[in-house]
Amino acid sequence: MAADCVEAAERDGRKSLQAVAVLQEENYRLRIRTLQKMRRGHLATLGRGCCAAWHAICQEQLQAKALAAQRQRILRHAVELVCCSRPSTDQALLKAAFLEWWGLLPSLAMLRCMQQELELHRAGRAQLVRQYSELKEQLERRALR
């Protein structure tokens with residue numbers, strides 16, 4: 001009878017050890033899945049940040065090209081003003097200069113608008129970079145917990 005109790009205790013002990021081993025394996029699997037999900041999320045965040053930075057660079061290049069084209073148009077108008085406005089009287093000279101500069105006003109307004117948009121874009125990009133770094137720090141703090 002004592003031998004039966006000892007055998008039963010040994011069987012129960014083996015079953016308990018097997019259950020503990022199964023639980024440890026499941027725990028390891030869950031930890032690995034969690035780490036993979038965190039890594040996947042972090043990589044997705046980095047990918048989105050990379051795409052956003054690339055888009056911002058492309059937009060800056062497009063805006064720089066547009067500004068260069070606008071500058072060329074303004075210079076062309078200035079050259080036309082110098083070449084075409086050689087009237088004989090002072091009044092005619094003033095009138096020609098006024099008319100040419102009046103034609104430049106929309107171009108100058110457009111240039112100013114583009115410069116303001118570029119400044120707003122740069123400010124927004126700086127804010128996005130700052131927010132991204134803050135979110136990255138928060139993610140790292142959560143990962144350390």
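Bridging of Lys37 to lysines at a Cα separation below 22 Å is possible for Lys136, once same-chain residues fewer than 8 apart are set aside. Estimated from helices alone, the mean residue ellipticity of the chain at 222 nm is -36000 deg cm²/dmol (sum of -39500 (n - 2.57) over DSSP H runs with n ≥ 4, per residue).
Test of understanding: what is the full-extension gain from Glu140 to Gln59, defined as 0.36 nm times their sequence separation minus their Cα-Cα distance?
Working it through step by step, the gained length comes to 26.1 nm.
Taking every eigenvalue of the Cα gyration tensor of the chain, multiplying by 5 and rooting it, what semi-axes result, largest first, whole Å? Please report the intermediate quantities before stating the final value.
Numbers: eigenvalues 1282, 25, 8 Å².
For the chain, the semi-axes come out at 80, 11, 6 Å.
Shown in residue order for the range 37-53 are the 3J(HN,Hα) couplings computed by the Karplus curve 6.51 cos²θ - 1.76 cosθ + 1.60 at θ = phi - 60°: 5, 5, 5, 4, x, 5, 5, 5, 5, 5, x, 4, x, 5, 5, 5, 5 Hz (x for Gly and Pro).
Let me check against my output: what whole-number percent is the relative contact order of the range 2-144, with C-alpha pairs under 8 Å and at least 6 apart? Don't skip to the end; give the middle numbers.
Working: 24 pairs, mean separation 32.0, N = 143.
This gives 22 percent for the range 2-144.
Report the full-extension gain for the segment Lys15 to Gln36: residue separation times 0.36 nm, less the Cα-Cα distance, to one decimal in nm. Could you put the intermediate results ahead of the total?
Details: separation 21, 0.36 × 21 = 7.56 nm, distance 3.14 nm.
Separation in residues times 0.36 nm, less the Cα-Cα distance, equals 4.4 nm.
Here's the picture: charge each Lys and Arg Cβ at +1 and each Asp and Glu Cβ at -1 in the range 8-51, and of Leu17, Thr34, Ala44 the one pushed furthest to the positive end of that dipole is Ala44. When only the Cβ of Lys, Arg, Asp and Glu is charged (+1, +1, -1, -1), the dipole of the range 2-144 relative to its Cα centre reaches about 340 debye.
Only the coordinates and a few stated rules stand behind these numbers; no lab work does. In this text, all values refer to a predicted model and were calculated from it rather than measured experimentally. FYI the Cβ positions are ideal-geometry reconstructions off the backbone, even for glycines, and counts take in every protein chain you see.
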